[in-house]
Structure formats: C-alpha cells, structure tokens
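Presented below is the structure to which this report refers.
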Amino acid sequence: MTEPALLWAELAFLDDLLTTAINAKVATIHAVAAPLPLTNAPPPANLRSFAELPVQIELTGPVPNIARFLQTLPLRASEIKAAGLPEAPTNKPALFIDRLVLRKQSPDKPDEVRLSLRAVGFVVRE
C-alpha cells in the first residue's frame, strides 16, 4: 500500500459504521470489509486531494431499524441529533452510500430484510 496512513482513517470509518449499525439496533451483522482505498497520484503542492475509502457491511434486521441505519449513515453527529435519530459518536464522519442491495430475508419474517451496502468516506490527503 502506497499510503499506509489511510488505514487508520479506514479503521475509524469501520468503527463508526459498526457503531451506527449497533445504535440502529440491527439484528445481525454478517460481514464487514474494508477494500483497498481508491487513490490517485498526489496532486501538485498547491492543491488539496481527497482519498476515497470504501467500507462494506452486510446485515439483517427489521425494516424500520435498517431504514434508521440508512438515514443515519450520511449524517454527522449534530445532524443525527437534530433529526431525532439514535445517538452517534460526536466525531462521526459522513459516509456516502455507493451501492445498496436490499432483499427480503425469508417468507417467514415479512418485516425482516438483509442489507448489503458499500459506503465511502473521504479524507484529505497530505
């Protein structure tokens, strides 16, 4: 990896993603992954550049809880509190939904769904 410092930011994104899922009271977290960060060549010294850090999660839960998780994901802590959603870490960054697959879990449980999600966060490269 050309920029190992990005791993700390990606770890923080994963921590916030899992905390958000737990606060939304999802039933099960099946998988969590952190694919390699998407970076380009460093920009000239006078320009700022951002690295895109993808994170993936697969979870199951009741539809209202999954909806609460999805609503909370792109918001910062102050926006979450203003919207009346479950608490989040005070330094939670906004994570943006990149890919989303939502499937009904089973015919026996009509209000439970399985979510496969890829979200991205951005950090300033130095």
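Give me the net charge for the shell around residue 105: Cβ to Cβ below 14 angstrom, other residues only, Lys and Arg +1, Asp and Glu -1.
Net charge around residue 105: 0.
Per residue, how much accessible area does the chain have with a 1.4 Å probe, in Å²?
On a per-residue basis, 60 Å².
Based on the mean of other Cβ atoms within 10 Å per residue, sort peptides 28-34, 58-64 so the most packed one is first.
Answer by packing, highest mean first, reads 58-64, 28-34.
Divide by every residue of the chain the summed helix terms, -39500 (n - 2.57) for each DSSP H run of at least 4, and state the resulting mean residue ellipticity at 222 nm, rounded to the nearest 500 deg cm²/dmol.
Rounded to the nearest 500, the figure is -8000 deg cm²/dmol.
To the nearest 10 degrees, how steeply does helix 63-72 sit against the main Cα axis of the chain, on a 0 to 90 scale?
20 degrees
How much net charge surrounds residue 95 when only the other residues with a Cβ under 14 Å from the Cβ of residue 95 are counted, with Lys and Arg +1 and Asp and Glu -1?
Residues near residue 95 contribute -2 overall.
Which entry in (1) 32; (2) 43; (3) 52 is this structure's computed percent of Cα pairs over 21 Å apart?
Step by step, percent of Cα pairs over 21 Å apart for this structure corresponds to label (2).
So how far, in whole Å, is the C-alpha centre of the range 94-118 from the one of the range 8-38?
Here the two parts' Cα centres lie 15 Å apart.
What is the angle, in °, between the Cα long axis of helix 6-23 and the longest principal axis of the Cα atoms in the chain? Nearest 10 is fine, range 0 to 90.
So the inclination is approximately 20 degrees.
If the elastic network links every pair of Cα atoms under 10 Å, which of 45, 12, 67 fluctuates the most in the Gaussian network model of the chain?
45
Within the set of other residues whose C-beta is less than 11 Å from the C-beta of residue 77, count the net charge using Lys and Arg as +1 and Asp and Glu as -1.
Every neighbour counted, the sum reads 0.
The values are calculated or read from the model by the stated rules, or taken from the named source; none is laboratory data. No experiment lies behind these values; they were computed from the predicted model shown. Backbone-built Cβ (ideal geometry, glycine too); neighbour counts: all protein chains shown. Note: accessible area is taken over every heavy atom of the protein model, side chains too, but ligands, DNA and RNA are not part of it. Shrake-Rupley method; radii C 1.70, N 1.55, O 1.52, S 1.80 Å.
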